[in-house]
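Peer 1: Pasting in a structure now, in structure tokens, and then I'll have a few things to ask.
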Amino acid sequence: MPQEIQCACLECGLLQRIPPLPPGGSALCVRCGNVLQRHRPRSLSRTLALTIAGILLFIIANSFPFLSFEMQGQTTHTTLITGVIDLYLGGNWPVAAVVLFTSILAPGLQLMLLLIILVPLALERVPHWLPRLFRWVRTLAPWGMMDVFMLGILVAAVKLSAMATLVPGASLFAFAVLILVLAAAQAALDPDLVWLRVPLSRSDWIAPRPGEPAVSCDVCALVVRAPAAPPVRPRCPRCGDRLHARKPESLQRTWALLIAAIICYVPANLLPIMTVTSIGRSQSDTIMSGVVFMVHHDMWPLALVIFVASIFVPLLKLAILLLLLLSVQLRSSWRPRERTRLYRITEAIGRWSMVDVYVVTLLVALVRLGNLASVQPELGVVFFCAVVILTMLAAMSFDPRLIWDVLEHADVGERERAPAPNPSGSVRA
Ligand SMILES: [Zn+2]
Ligand SMILES: [Zn+2]
């Protein structure tokens with residue numbers, strides 16, 4: 001049933017009303033251009049179908065080897081989990097944990113949670129635990145990196161093709177289709193439809209009158225009246241998440257994570273990330289020397305992929321986060337729309353830097369023929385992995401609404417601030 005909904009833009013904080021959208025239409029924030037809502041036809045049933053397909057593909061992808069490595073009559077097989085196990089056995093447990101979480105646990109959990117949530121909804125039921133689990137779907141989304149892992153497989157395969165014969169396994173195809181299915185499921189899911197089904201009990205909190213102070217939930221986007229005498233830490237009446245006008249201690253946390261990332265960036269680039277032993281000879285490579293090696297061996301496209309993902313993207317992310325933090329700290333009113341767009345870019349590109357970590361994992365798992373050929377991970381990859389995770393966390397803890405706060409009320413503190421009156425979001429069909 002179409003109805004007008006009230007929502008605050010999560011990127012600039014402006015409170016707006018969204019009229020019912022035409023099929024395929026989307027509502028953009030009038031101030032920063034962020035997509036507030038998108039109409040997705042038959043969203044929940046399509047997402048459920050894709051989720052079931054995804055779970056079947058996930059089981060196949062994890063049950064069989066996806067690549068075999070043949071060299072001088074010896075063969076090694078690799079499943080998704082063997083790379084993780086090899087890293088763990090080699091004492092590299094931090095990287096093993098990150099790879100396990102991002103390539104297996106996060107996507108698997110996300111699919112299971114979607115199934116558990118969408119089946120009752122299809123049966124017109126809303127169990128009391130549904131909002132809490134649905135919150136987790138959103139939390140896990142940025143950490144599932146199967147698409148990046150797939151790029152890692154391609155890079156590793158090209159690297160090894162000169163050295164030995166690679167045979168793709170059955171699960172590689174399941175894996176490739178799974179990535180498409182996961183992307184389609186994410187595109188089909190309209191979270192607002194799920195949240196609209198959750199009944200609201202504490203009605204005294206809801207529906208602020210125009211001009212009244214309001215806060216919007218960061219998770220389900222419900223707009224509620226800011227309580228006059230707030231409980232110590234109020235929770236959203238719909239999804240149960242903590243309510244706050246802005247992410248708590250956003251600047252301090254982002255600074256701390258960014259500085260940690262900058263510190264890790266130095267050893268990540270100076271220390272070797274892996275040592276390759278081939279026919280008794282060992283050679284250690286840093287990220288940059290790996291790129292130079294590929295350029296010398298006419299592997300230009302590969303060198304470009306690794307250069308962009310491992311050197312250019314992390315640097316760009318560090319620079320953008322630094323710029324955003326400084327501009328907010330200096331209360332700059334310079335181009336807020338463009339700065340918000342920069343923030344959006346940072347959130348979107350950060351995960352692709354994981355590709356080199358996956359390449360090392362895959363090489364370690366595939367090339368296990370002792371003195372004939374083997375790959376050992378080195379300390380550099382641990383620091384590099386830390387840079388990627390820290391910059392992702394820094395981007396998550398930064399609150400882009402702080403960019404806009406300066407423009408609205410130059411003298412009001414960052415918390416407990418009322419969003420502006422309600423204009424209508426612009427609707428695009
Ligand atoms: Zn906005
Ligand atoms: Zn909520």
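The values are calculated or read from the model by the stated rules, or taken from the named source; none is laboratory data. Since the model is a prediction, treat every value here as computed from it, not as a measurement. Heads up, the Cβs are rebuilt from the backbone with ideal geometry, glycines too, and the neighbour counts pull from every protein chain shown. Heavy atoms of the whole protein, side chains included, go into the accessibility calculation; ligands, DNA and RNA do not. Shrake-Rupley method; radii C 1.70, N 1.55, O 1.52, S 1.80 Å.
Peer 1: In degrees, nearest 10, range 0 to 90: what is the angle between the Cα axis of helix 250-270 and the longest Cα principal axis of the chain?
Peer 2: 10
Peer 1: Follow-up. Enter the per residue convex hull volume of the range 1-99, computed from alpha-carbon coordinates, in Å³ rounded to the nearest integer. Each step should come with its number before you reach the end.
Peer 2: Details: hull volume 19.0 nm³, N = 99.
In the range 1-99, the Cα convex hull volume per residue is 192 Å³.
Peer 1: Once you charge only the Cβ atoms, +1 for Lys and Arg and -1 for Asp and Glu, what is the size of the charge dipole of the chain about its Cα centre, to the nearest 20 debye?
Peer 2: On the way: 36 positive and 25 negative charges, 234 e Å.
The dipole magnitude comes to about 1120 debye.
Peer 1: Would you kindly state how much longer the chain becomes between ILE345 and MET163 on full extension, computed as 0.36 nm times their sequence separation minus their alpha carbon distance, in nm to one decimal? Present the calculation step by step, with values, prior to reporting the outcome.
Peer 2: On the way: separation 182, 0.36 × 182 = 65.52 nm, distance 3.71 nm.
That works out to 61.8 nm of additional length.
Peer 1: Over all alpha-carbon pairs of the range 248-306, lay out the pair-distance distribution in 10 Å bins, whole %, shortest bin first.
Peer 2: 20, 31, 26, 16, 7, 1
Peer 1: Right, next: Cα gyration tensor of the range 158-287, axes a ≥ b ≥ c as square roots of the eigenvalues: rounded (a/c below 1.5), prolate (a/b > b/c) or oblate? All intermediate terms of the calculation are to be shown ahead of the outcome.
Peer 2: Values: a/c = 5.28, a/b = 1.92, b/c = 2.75.
Oblate shape, in that a/c is at least 1.5 and b/c is the bigger or equal ratio.
Peer 1: Ignoring ligands, DNA and RNA, how do MET294, MET150, MET396 rank by accessible area with a 1.4 Å probe, largest first?
Peer 2: Output order, biggest surface exposure first: MET396, MET150, MET294.
Peer 1: Taking loop as defined by DSSP and a crowding limit of 12 other beta carbons within 10 Å, which GluC sites (Glu not before Pro) in the range 1-76 fit? It would help to have the intermediate numbers written out before the result.
Peer 2: On the way: sites: GLU4, GLU11, GLU70; in loops: GLU4, GLU11.
The qualifying sites are GLU4.
Peer 1: Another one. Any idea what diffusion coefficient the chain gets from Stokes-Einstein, in µm²/s, Kirkwood Rh on alpha carbon pairs, 20 °C, 1.002 mPa s? Walk me through the intermediate numbers first.
Peer 2: Values: Rh = 23.6 Å.
After rounding, the answer is 91 µm²/s.
Peer 1: Loop-only check: which trypsin sites (Lys or Arg not before Pro) in the range 302-358 are DSSP coil with at most 15 other Cβ within 10 angstrom? If you can, show how the numbers build up before the last one.
Peer 2: Numbers: sites: LYS317, ARG331, ARG337, ARG339, ARG341, ARG344, ARG351; in loops: ARG331.
Taking the range 302-358 and a limit of 15 other Cβ atoms within 10 Å, the loop trypsin sites (Lys or Arg not before Pro) found are ARG331.
Peer 1: On to the next question. Based solely on its DSSP helices, what 222 nm [θ] is calculated for the chain when runs of n ≥ 4 H residues each add -39,500 (n - 2.57) and the sum is averaged over all residues, nearest 500 deg cm²/dmol? Each step should come with its number before you reach the end.
Peer 2: Values: 16 runs with 217 residues, N = 429.
Calculated from helices alone, the mean residue ellipticity at 222 nm is -16000 deg cm²/dmol.
Peer 1: How would the range 87-215 be classified by its alpha-carbon gyration tensor: rounded, prolate or oblate, with rounded meaning a/c under 1.5 and the a/b versus b/c comparison settling the rest? Don't skip to the answer; put the middle values down first.
Peer 2: Details: a/c = 2.90, a/b = 2.38, b/c = 1.22.
Since a/c reaches 1.5 and a/b is larger than b/c, the shape of the range 87-215 is classed as prolate.
Peer 1: Ok, one more. Quick one: give the max-minus-min coordinate of the C-alpha atoms of the range 283-418 along each principal axis, largest first, in Å.
Peer 2: Here the spans come out as 68, 28, 19 Å, largest first.
Peer 1: Quick check on the range 282-330: take the gyration tensor over C-alpha atoms, sort the square-rooted eigenvalues as a ≥ b ≥ c, and tell me if it's rounded (a/c under 1.5), prolate or oblate. Write down the numbers at each step before the final one.
Peer 2: Working: a/c = 6.05, a/b = 2.80, b/c = 2.16.
Prolate, since a/c reaches 1.5 and a/b exceeds b/c.
Peer 1: Using the alpha-carbon centroid of each, what span in Å lies between the range 100-174 and the range 310-374?
Peer 2: Taking the Cα centre of each part, the range 100-174 and the range 310-374 sit 20 Å apart.
Peer 1: What relative contact order, as a whole-number percentage, does the chain give when Cα pairs under 8 Å and 6 or more residues apart are counted? Please report the intermediate quantities before stating the final value.
Peer 2: Details: 697 pairs, mean separation 112.1, N = 429.
With pairs under 8 Å counted, the relative contact order is 26 percent.
Peer 1: With a bin width of 10 angstrom, please list the P(r) values of the range 54-94 as percents of all Cα-Cα pairs, from the 0 bin to the one holding the largest distance.
Peer 2: Pair shares across the bins are 26, 38, 32, 4.
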